[in-house]
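The values are calculated or read from the model by the stated rules, or taken from the named source; none is laboratory data. The structure displayed is predicted, hence computed values, not measured ones. No Cβ is skipped: glycine too gets one built from the backbone with ideal geometry, and neighbour counts run over all protein chains shown.
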Amino acid sequence: MKVIQVKNAQEGGKQAFAILKEEMAKGITTLGLATGSTPETLYQEMVKSDLDFSDMTSVNLDEYVGLSGENPQSYRYFMNDRLFLHKPFKETFVPNGKANDLDAECIRYNQIIADHPIDLQVLGIGRNGHIGFNEPGTSFAVETHVVALTESTIEANKRYFESIEEVPTHALSMGIASILKSKQIILMAFGREKAAAVAKMIEGSVTEQLPASVLQTHKNVVVIIDEAAASELTNA
Ligand code: F6R
């Protein structure tokens with residue numbers, strides 16, 4: 001893992017954008033994208049850039065079960081709002097949270113990933129070390145799956161909803177096996193509340209109890225963290 005320490009999320013977004021730009025100049029075509037607060041500065045850089053994404057494909061990590069793309073809390077809405085409406089892509093994929101048959105939706109999404117191999121995957125990390133919605137204890141072998149969100153994740157996500165009762169309890173998520181197929185991965189983490197997970201991801205053992213630790217086994221990972229998120233690293 002290559003670790004880049006930056007001052008703050010703004011600088012982190014710029015660093016991630018610089019890597020993306022370089023990779024696009026080399027001809028990559030498919031991005032794996034994340035939602036949440038972490039990639040927002042990267043998306044701001046993309047939006048204000050003069051880069052053209054109209055030949056690019058994106059495949060998002062996850063979506064809440066039960067929310068349609070018109071729901072402002074859905075990840076489809078987030079992506080349209082933050083990125084796609086400003087910078088049109090050739091095609092964009094997000095799991096369908098309203099699918100009647102969730103198992104069939106997982107199979108469909110696995111096929112999408114197989115048909116559009118991800119060149120560069122953008123990740124955030126949860127306070128408990130989750131990536132995508134792969135919570136601690138999820139098998140590393142799993143591909144797209146239906147996930148019951150943990151209390152800690154529901155608690156962390158409630159800031160986006162009017163009340164905790166409105167936070168969905170399930171999500172569709174790419175699995176760890178799907179994420180590991182990406183040719184390159186950029187994981188960003190900003191803020192003190194990510195410090196423990198970041199330290200375990202980089203310096204701890206590889207364990208399904210800390211899903212992001214699996215990234216130690218991938219050969220092309222860049223971790224971009226601010227000072228607060230780096231504060232529990234012993235070798236910083
Ligand atoms: C979002 C996702 C999640 C988030 C993580 C961190 O698509 O897959 O794993 O990256 O929960 O969320 P933020 O960035 O809001 O702290």
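Search region 34-48 for residues being surrounded by fewer than 21 Cβ atoms within 10 Å (Cβ to Cβ) and of a type in the set (Gly, Ala, Ser), and hand back the single one that is farthest from the chain's Cα centre (by Cα). It comes out as 37.
Quick grid of which residues meet (1) within 16 Å of the ligand (Cβ to nearest atom); (2) small (Gly, Ala, Ser); (3) modelled with pLDDT of 95 or more; (4) on the phi > 0 side of the Ramachandran plot:
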{"position": "49", "(1), (2), (3), (4)": "no, yes, yes, no"}
{"position": "73", "(1), (2), (3), (4)": "yes, no, no, no"}
{"position": "76", "(1), (2), (3), (4)": "yes, no, yes, no"}
{"position": "79", "(1), (2), (3), (4)": "yes, no, yes, no"}
{"position": "85", "(1), (2), (3), (4)": "no, no, yes, no"}
{"position": "96", "(1), (2), (3), (4)": "yes, no, yes, no"}
{"position": "101", "(1), (2), (3), (4)": "no, no, yes, no"}
{"position": "109", "(1), (2), (3), (4)": "yes, no, yes, no"}
{"position": "120", "(1), (2), (3), (4)": "yes, no, yes, no"}
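Taking the criterion of being part of a helix (DSSP H, G or I), more than 11 Å from the ligand (Cβ to nearest atom) and within 19 Å of residue 95 (Cα to Cα), the residues of region 155-183 that qualify are 176, 177, 178, 180. Scanning region 58-95 for residues that are in contact with an Asp or Glu (Cβ under 6 Å, 6 or more places away or on another chain) and either under 18 Å from residue 157 (Cα atoms) or surrounded by fewer than 19 Cβ atoms within 10 Å (Cβ to Cβ) (or both) gives 75, 90. If the condition is being more than 16 Å from the chain's Cα centre (by Cα) and not hydrophobic (A, V, I, L, M, F, W, C), then region 1-21 contributes 2, 5, 7, 8, 10, 11, 14, 15, 21.
I need a count of the residues in region 97-119 that are surrounded by fewer than 19 Cβ atoms within 10 Å (Cβ to Cβ) and farther than 15 Å from residue 182 by Cα.
Qualifying residue count, region 97-119: 9.
Of all residues being surrounded by fewer than 24 Cβ atoms within 10 Å (Cβ to Cβ) and over 18 Å from residue 202 (Cβ atoms) in region 123-143, which is farthest from the ligand (Cβ to nearest atom)? Just the residue, please. So, considering only residues that are surrounded by fewer than 24 Cβ atoms within 10 Å (Cβ to Cβ) and over 18 Å from residue 202 (Cβ atoms), the one farthest from the ligand (Cβ to nearest atom) is 141. The C-beta contact set for region 155-173 (first residue among the basic types (Lys, Arg), second residue crowded, with 18+ Cβ neighbours inside 10 Å, distance under 9 angstrom, 6+ apart or interchain) comprises 158/167.
Candidates are the residues of region 23-33 that are surrounded by 18 or more Cβ atoms within 10 Å (Cβ to Cβ) and touching a strand residue (DSSP E or B) at 6+ places or on another chain (Cβ under 8 Å); the one that is farthest from residue 62 (Cα to Cα) is 30. How many residues are farther than 14 Å from residue 224 by Cβ and in a loop (DSSP other than H, G, I, E, B) when one looks only at region 38-67? The qualifying residues number 12.
Based on this model, can you work out whether residue 30 counts as closer than 25 Å to residue 133 by Cβ, more than 16 Å from the ligand (Cβ to nearest atom), modelled with pLDDT of 95 or more and of a type in the set (S, T, N, Q)? Judged against the criteria, residue 30 is a match.
Residues in region 91-102 that are within 20 Å of the chain's Cα centre (by Cα) and of a type in the set (Lys, Arg): 0 in all.
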